[in-house]
Amino acid sequence: MGKAYEPKKYESKIYQLWEKSNFFNPDKLPGKRKKMYSIAIPPPNITGSLHMGHALNNTIQDILARFYRMKGFRALWLPGTDHAGIATQNVVEKELAKEGLTRHLLGREKFVKRVWEYRETYGNLILDQLKKLGCSCDWSRTAFTLDNNYAHAVRTAFVHYFKKGYIYRGPRIVNWCPRCATAISDIEIKYQEQESKLWYIKYPFKHDSRNYITVATTRPETMLGDTAVAVHPKDERYKDLIGKTVMLPIMNREIPIISHHLIDPEFGTGAVKITPAHDNADAKIGKEKNLKVINVIGPDAIMTKDAGTYAGETVLNARQKIVQELKTLGVLKKEEDYTHKLSLCDRCGSAIEPQISTQWFVKMEKLAQPAIRVVEKDKIKIFPKRYKKIYCNWLENIEDWCISRQLWWGHRLPVWFCQNSGQKSKNKCFVVSIEKPKKCTTCNADEFKQSEDVLDTWFSSALWPFATLGWPDKTKDLKTYYPTSFLSTAPEILYLWVARMVFSSIEFLNKIPFHEVYLHATVLNIEGRRMSKSLGTGLDPLELIEKYGADATRFGLIYQMTRDQQAFRFDERALIASRNFINKLWNISRFVDLGQDHTQNINAKPMTLSDAWIVSRLNSVIDSVTEKIKTYELGEAAQELYDFTWHEFADWYLEISKLQMSSPSVIPQGPSVIPHEVRDDKEGVRDDKEGVRDDKEGVRNDKKGVIPNEESHNTIQILNHALTTMLKLLHPFIPFVTEQIWQSTALPGSDLLMITTWPKPNKKLINKKSEQKFEIIKNLVTEIRNWKTNKKIPLKQQTEYKLKPENKKLLTQKGSRDLIEKLANVTLII
RNA sequence: GGGCGAGUAGCUCAAUGGUAGAGUACUGCGCUUACAUCGCAGGGGUUACAGGUUCAAAUCCUGUCUCGCCCACCA
């Protein structure tokens, strides 16, 4: 073993050793293992590369998987990737753009083929990166959301919902990019501040054309499609006008004045023109109030025939001309300078034109109820607790889920439109079925065309925990590992993903998908900004692994985190500290040099006060760390292990062990410090120190090559036992170095540390009295050293120290005087 | 705009209502045969601000300020 631990030298070798063992596959684990533990990984996008959030989240999962594996569970951590519709399609489109191509030029079939090629090349990169991090996933079960069997699960789910009447088709307003000729999602929109005008327009009352209500708008051209004017129900100015009608200028259409709580009385005049066809908010109000939808802007951003005299104009031309006409008509009250956020297509920069189109929906009301109940009743526990309320609130106010997307990459809807039927419109009669139907029972058609739409990516990921185990088939895996035990993920996908898995699982399997959910902290950079590639505020975990090693990266991340945190600023200095800690552990091991078969249970008995103290502390730490991992207090557990290993075991016991192994007589002795339970061994109590001291004459301070006396031998056993225990406790956090230490000292044929048994605390050995007595000695030693430092006496220099009278009583413990004198290099004057 | 969280040592974070701790940085000494990625010792905090409850407040309550995260339909 080298003086310093070198991660690069060992990490890949150790990982290979684990993989070769097959123990990542729970079915290959030794022993009976009746209890199951399973985690479905939040599948990263195939376009993704590991970022700090992944590093944190997967470290958390690996800690849990390794912990329960060592606890004797059949632990499954099932890995995989998500096809990630929009994200992946965009990435490939950008690639195409570099070649001067577009997906439209390529055509759907070739484009999809191209995306599959992309997936073959890059799709598993992120999984390889997880291996670098040390993740103990069962790679033999790796899943992908577009696998054939997964696709079957997706279609099964769709058909199920449809047959139950939960899926329907309907109009819906979407963000439409006129140039790309597609609907795009909210996340594909970028916003740009723009200097513009706010136009105030008078809408005269029908029966009193001299009076009017004034509305304010940034988009006067949409007024051609207005079907109402809305005010806030409690707005005193307009209260009496609700229900009256006004005449829409230019179009001379009679439209009602309605009320709606979404209207902000503070904005403009407090009265808003409602254009359900071309505005998101208006569409919602329109739907609620059953307003007519009039399309005045076409998908090409040209005014439609319903725009009357403005038909055929571009949006901007129409706007200018309409403002002119309003002036002429004398209904333009005023125009104001106004800066507003313009929605632009992220890809091409065109202005978004909201459009009504036909989409598919899942009715949420009945699905949401049981999903709320299982969380309310803590059948599924969410950590941190505060997210429970947030989750329930969202589901209580949930709207129907739009599941169709006009993309090419994804699961096409299992909807088959009848082609040769008597129906005039080809899209009116259709069959919903898993496979292409032979005949339509409604219209007798026998030619079909599958829907061009694909499903929202989250529709397929909602099935992840059970589809990956083989659902809808009743597989052995499903029976064995479902429901899963634990889900760890980022808080921002609580709605998008977690909630949807819950109701899907209840709907399809009548089971919860997982027992506990942990929403981990967001990793911020040191300035407190979200780590993001596009902002350039991210750190690359792989570079950190390269620099500090995988263990230090893991430990440093976990060490900075506490369970209920919402976010923390990532500090690279924590990784340096972790690297140093790992090196410390390495060197502790070099000193202790397990040197014997540590796979055997070592029965070390505390013989001295120091022994009793360290053994007591060790057992407390086992107990506490075990509890903390179970309740996801991983940062707290890491800190406790750090402190114990370094500042108790290494700083104190290791130093004392040197004394115990060289001249045991200096050690505080005595039956009083040894718990009764462990004194049954005849070695446990010694009464003839003098004799032993004589025996020790000439013995080197080197435990190798000497015949150890009882105490020295016992000290070695305690060192061994403590180190063995620490390695086990630390293994889930820093698996590589602990396994390497284990391997470099294990006998041939012994187990991997990865599958050794998790330590159990021996509560009989937790001895608070010994701990207190030892604390006194520690404090006294520190006090004397401090005195020496202040007196500028080198610590090594032997000197006399006059004990303060109040401290004399502290020396009642046999041998404690000798220990203090040795540790502080003083001769006590009492 | 709504919801949530956070403001504690120079920096990153801890602390069931009871003497405010750690890592890092800093200062002094030390290459003591596991480790200088180290050891020993030390300095450093009116716990954002203002009130209140209490024998006792970093902690509980109210308000203010600042920052962050999530959600959202400001025409």
| task | Could you pull out every one of the lysines with an alpha carbon less than 24 Å from that of A:Lys808, ignoring same-chain neighbours closer than 8 positions? | result | A:Lys689, A:Lys768, A:Lys769, A:Lys773, A:Lys778, A:Lys788, A:Lys791, A:Lys796, A:Lys822
| remark: With every protein chain in place, the accessible area of A:Arg386 for a 1.4 Å probe, in Å² rounded to the nearest 10, comes to 100
| remark: Rounded to the nearest 10, the angle in degrees between the Cα long axis of helix A:710-730 and the longest principal axis of the Cα atoms of chain A comes to 0
| Taking a threshold of 19 Å on the Cα-Cα distance, which of the pairs A:Lys35/A:Lys476; A:Lys381/A:Lys628; A:Lys34/A:Lys71; A:Lys388/A:Lys479; A:Lys94/A:Lys449 fall above it? | A:Lys388/A:Lys479; A:Lys94/A:Lys449
| query | Which pairs break 32 Å Cα to Cα here: A:Lys439/A:Lys474; A:Lys28/A:Lys436; A:Lys385/A:Lys511? | reply | A:Lys28/A:Lys436
| task | Starting from the eigenvalues of the Cα gyration tensor, five times each then square-rooted, give me the equivalent ellipsoid semi-axes of the range A:410-518, largest first, whole Å. | result | 36, 16, 9
| With Cα atoms, 0 to 90° folded angle of helix A:386-396 axis to chain A main axis | 20
| note | Between A:Phe486 and residues 5 or more places away or on another chain, the pairs with built amide H atoms under 5 Å apart involve A:Ser38, A:Ala40, A:His515, A:Glu516
| query | In terms of modelled amide H atoms, which long-range or inter-chain residues lie less than 5 Å from the amide H of A:Asp453? | reply | A:Leu413
| said: What does DSSP give for chain A in terms of the percent of beta bridges that are antiparallel, rounded to the nearest 5? | reply: 65
| task | Check cross-link reach from A:Lys547 to the lysines: straight Cα distance under 28 Å, and skip same-chain residues fewer than eight apart. | result | A:Lys3, A:Lys8, A:Lys9, A:Lys13, A:Lys20, A:Lys131, A:Lys132, A:Lys533, A:Lys584, A:Lys728
| Table column - 3J(HN,Hα) (Hz), the range A:127-143, Karplus curve with 6.51, -1.76, 1.60, x for Gly and Pro | 5, 5, 5, 5, 5, 4, 6, x, 5, 9, 7, 7, 5, 5, 9, 3, 10
| task | Using a 1.4 Å probe and counting only protein heavy atoms, arrange A:Trp471, A:Trp586 so the residue with the most accessible area comes first. | result | A:Trp471, A:Trp586
| task | Express in nm, to one decimal, how much length is gained between A:Leu342 and A:Thr358 on full extension, taking 0.36 nm for each residue of separation and deducting their alpha carbon distance. | result | 3.3 nm
| Based solely on its DSSP helices, what 222 nm [θ] is calculated for chain A when runs of n ≥ 4 H residues each add -39,500 (n - 2.57) and the sum is averaged over all residues, nearest 500 deg cm²/dmol? | -12000 deg cm²/dmol
| Taking the mean number of other Cβ atoms within 10 Å as a proxy for protection, how do you rank A:274-285, A:190-201 from highest to lowest? | A:274-285, A:190-201
| task | Order the peptides A:126-134, A:461-469 from the highest to the lowest mean number of other Cβ atoms within 10 Å of their residues. | result | A:461-469, A:126-134
| message | I need to check one value: relative contact order of chain A, counting alpha carbon pairs closer than 8 Å and at least 6 residues apart, in percent. | response | 13
| field | Exposure rank, largest accessible area first [A:Asp400, A:Asp82; 1.4 Å] | value | A:Asp400, A:Asp82
| Percentage relative contact order, the range A:494-560, counting C-alpha pairs under 8 Å, at least six apart | 12
| Using alpha-carbon pairs under 8 Å, 6+ residues apart, how would you state the relative contact order of the range A:83-207 in percent? | 13
| request: Please work out how much length the chain gains when fully extended from A:Asn280 to A:Lys20, using 0.36 nm per residue of separation minus the C-alpha to C-alpha distance, in nm with one decimal. | output: 88.0 nm
| Residue-by-residue Karplus 3J(HN,Hα) for the range A:213-227, coefficients 6.51, -1.76, 1.60, Hz, glycine and proline x | 10, 9, 10, 10, 8, 9, 10, x, 5, 6, 4, 4, x, 5, 10
| task | Can you tell me how much longer the chain between A:Glu193 and A:Glu6 gets when fully stretched, taken as 0.36 nm per residue apart minus their C-alpha distance, in nm with one decimal? | result | 62.1 nm
| field | In Å², nearest 10: area of A:Thr314 left accessible to a 1.4 Å probe | value | 60
| said: Taking amide H atoms as placed 1.01 Å from N in the peptide plane, list the residues 5 or more away in sequence, or in a different chain, whose amide H sits under 5 Å from that of A:Ala75. | reply: A:Tyr37
| How much area per residue is accessible in the range A:380-526 when the probe is 1.4 Å and only protein heavy atoms are counted (Å²)? | 43
| said: Counting only protein heavy atoms and a 1.4 Å probe, tell me what percentage of chain A's accessible area is made up of carbon and sulfur. | reply: 49
| Whole-Hz couplings from phi, Karplus 6.51/-1.76/1.60, listed for the range A:775-786; x for Gly and Pro | 3, 4, 4, 4, 5, 5, 4, 4, 4, 5, 4, 4
| remark: Cross-link reach from A:Lys239 to lysines, straight Cα distance under 26 Å and at least 8 residues apart if same chain, gives A:Lys202, A:Lys206, A:Lys273, A:Lys284, A:Lys287, A:Lys289, A:Lys292, A:Lys333, A:Lys334
| task | Within 10 Å, count the other beta carbons around each residue, average over each peptide in A:728-740, A:348-360, A:104-116, and list them highest first. | result | A:728-740, A:348-360, A:104-116
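The values are calculated or read from the model by the stated rules, or taken from the named source; none is laboratory data. Predicted, not measured: the structure shown is a model, and the values here were computed from it. Quick reminder, even Gly has a Cβ in these numbers, built from the backbone with ideal geometry, and neighbours come from all protein chains shown. Side chains included, ligands, DNA and RNA excluded: accessible areas come from the protein's heavy atoms. Shrake-Rupley method; radii C 1.70, N 1.55, O 1.52, S 1.80 Å.
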